[in-house]
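Comments concern the structure below.
Nothing in this text is a laboratory measurement; each read-out follows from the coordinates by a stated rule. Values in this document were obtained by computation on a predicted structure and should not be read as measured data. As a convention, Cβ positions derive from the backbone with ideal geometry for all residues, glycine included, and neighbour counts pool all protein chains shown.
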Amino acid sequence: MALYKDKISSQTEQQHLSQLLDKLTVDDQRTLSKLLNTWDITNQRKNSRMPCSIVTEYIFNNRSYKGKMKNISLGGAFIRSRQVAPVNEHIFQSFFFPNFEIPIRSNSKIIWIGSQGFGVQFDIIQSDV
């Protein structure tokens with residue numbers, strides 16, 4: 001009996017939420033969507049990100065592009081760029097850490113796309129050491 005009540009309660013909550021969302025303006029729906037995406041991405045990170053400003057070159061579809069990493073962690077980075085590949089696309093990227101002469105190379109996977117760039121997850125990181 002309790003399971004049935006929980007199911008009804010859950011359906012009622014979903015209907016109520018759906019009605020509230022339908023009443024939002026398109027602009028408010030977009031704002032809410034951005035907030036939820038940011039919250040979802042932030043809560044999925046395994047490693048904390050550090051702010052940075054590192055130029056990176058990346059390749060996909062046999063073309064080379066440049067972007068700027070704005071934050072980085074052991075597991076990935078946010079790349080600010082106008083050229084964006086689709087989610088789940090694999091890219092090859094290289095970059096230099098400040099005061100390092102050896103480039104870091106990574107096979108990376110695009111895991112999310114935003115209005116100013118995209119987030120990557122590092123699959124394999126290599127250096128020329």
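Tell me which of these Val84 doesn't satisfy, since it passes every other one: (1) among the hydrophobic types (A, V, I, L, M, F, W, C); (2) loosely packed, with under 12 Cβ neighbours inside 10 Å; (3) part of a loop (DSSP other than H, G, I, E, B).
The one condition Val84 does not meet is (2).
For segment 96-128, name all the residues that are part of a loop (DSSP other than H, G, I, E, B) and over 20 Å from the mean Cα position of the chain (by Cα). Let's see the steps before the verdict.
First, the residues of segment 96-128 that are part of a loop (DSSP other than H, G, I, E, B): 96-103, 114-116, 128.
Hits for segment 96-128 are Phe96, Phe97, Pro98, Asn99, Phe100, Glu101, Ile102, Pro103, Asp128.
What are the residues in segment 77-102 that are of a type outside the set (A, V, I, L, M, F, W, C) and in contact with a strand residue (DSSP E or B) (Cβ under 9 Å, 6 or more places away or on another chain), if any?
Filtering segment 77-102 for residues of a type outside the set (A, V, I, L, M, F, W, C) gives 80-83, 86, 88-90, 93-94, 98-99, 101.
Within segment 77-102, Arg80, Ser81, Arg82, Gln83, Pro86, Asn88, Glu89, His90, Gln93, Ser94, Pro98 qualify.
For Ser53, state whether it is in a strand (DSSP E or B), in contact with an Asp or Glu (Cβ under 9 Å, 6 or more places away or on another chain) and loosely packed, with under 12 Cβ neighbours inside 10 Å. Outline the logic, then answer.
Values: in a strand (DSSP E or B): yes; in contact with an Asp or Glu (Cβ under 9 Å, 6 or more places away or on another chain): no; loosely packed, with under 12 Cβ neighbours inside 10 Å: yes.
Against the criterion (in a strand (DSSP E or B), in contact with an Asp or Glu (Cβ under 9 Å, 6 or more places away or on another chain) and loosely packed, with under 12 Cβ neighbours inside 10 Å), Ser53 does not qualify.
Could you grab me the full set of residues in segment 90-111 that are within 10 Å of Asp123 (Cβ to Cβ) and among the small types (Gly, Ala, Ser)?
Within segment 90-111, Ser106, Ser108 meet the criteria.
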